[in-house]
Amino acid sequence: MVKLRFQGLLSINEFLEIIDNAINQYSMEETVLGGEEPTIDPALPMIVRELNNRRLRIRLLTNAYEISNELLNELGLCGDCEVVIGIKTLDPSKHIKYTGKPPLEPVLRNIKRLLESGVRVIFETVLIPGLNDAKDIEGIAKYLTGITRDPVLIIDPLIPIPGTPWRRPTQEELNEAMSRAGRYVRVMTHEKIGRPSRVVVLYPRL
């Protein structure tokens, strides 16, 4: 970490060179596009297209506030794309309190657009005692059953950030949230997703 220094933003060609090297050297099969909010990057539709051309599985992590028509088109053409949409809460006042963002309408509208385009969508929420608790998550699960068939909901326990008023949920609280949501949707946690793997730093090169 001490050696890491900002080396400038990658060009699309530099990025694709790293991707191609990872495919050739490590037999990479899947990419996860996340980090803050990837959909604000105007190059994202091109990135999705280039990764899809390389027959990589693509998982896009997003809050779904901004889904351009170009991005929607690329995701619709992608044979193995999955969009993971984070739903913080369905309560407008709690949503503003937690995110500081405007009401939920843009998110709900973009969820509908993605589903109508045939994009595989799964959902994610965070268990936050006192803000987005088991009852709230059950409400999200009920909502999802009304907009798509066989929805999947990932439930993450909050990892508190210093300076915020919310605590990490107990295992019992997490179990309750999973049980209540599981009456309506298929529930998952990140601990049960994926395969054992090792970490390889591809960029920056030290």
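Values in this text are rule-based calculations from the coordinates and carry no lab data. Since this is a predicted model, take the numbers as computed values, not measurements. Glycine gets a Cβ as well: all are built from the backbone with ideal geometry, and neighbour counts include every protein chain shown.
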- [ ] Would you mind calculating the relative contact order of segment 80-174 from Cα pairs under 8 angstrom and at least 6 residues apart, reporting the percent as a whole number?
- [x] 30
TODO: Work out, in µm²/s and without decimals, the Stokes-Einstein translational diffusion coefficient of segment 53-140 at 20 °C, 1.002 mPa s, Rh from Kirkwood over C-alpha pairs.
DONE: 154
Task: Mean separation of Cα contacts under 8 Å, 6 or more apart, over the residue count of segment 8-90: relative contact order % - done: 29
Task: the chain, dipole about Cα centre (Lys/Arg Cβ +1, Asp/Glu Cβ -1), debye to the nearest 20 - done: 320
TODO: Two decimals is fine: what is log10 I(q)/I(0) at q = 0.08, 0.10, 0.15, 0.17 Å⁻¹ for the chain, from a Debye sum with one equal scatterer on every Cα and no solvent?
DONE: -0.32, -0.50, -1.08, -1.28
Task: Tail weight of P(r) past 15 Å, computed on alpha-carbon pairs of segment 112-206, percent - done: 66
TODO: Could you pull the Cα extents of segment 1-58 along its three principal axes, largest to smallest, in whole Å?
DONE: 35, 29, 19
- [ ] Using only alpha carbon pairs under 8 Å that are at least six residues apart, calculate the relative contact order of the chain and give it in whole percent.
- [x] 16
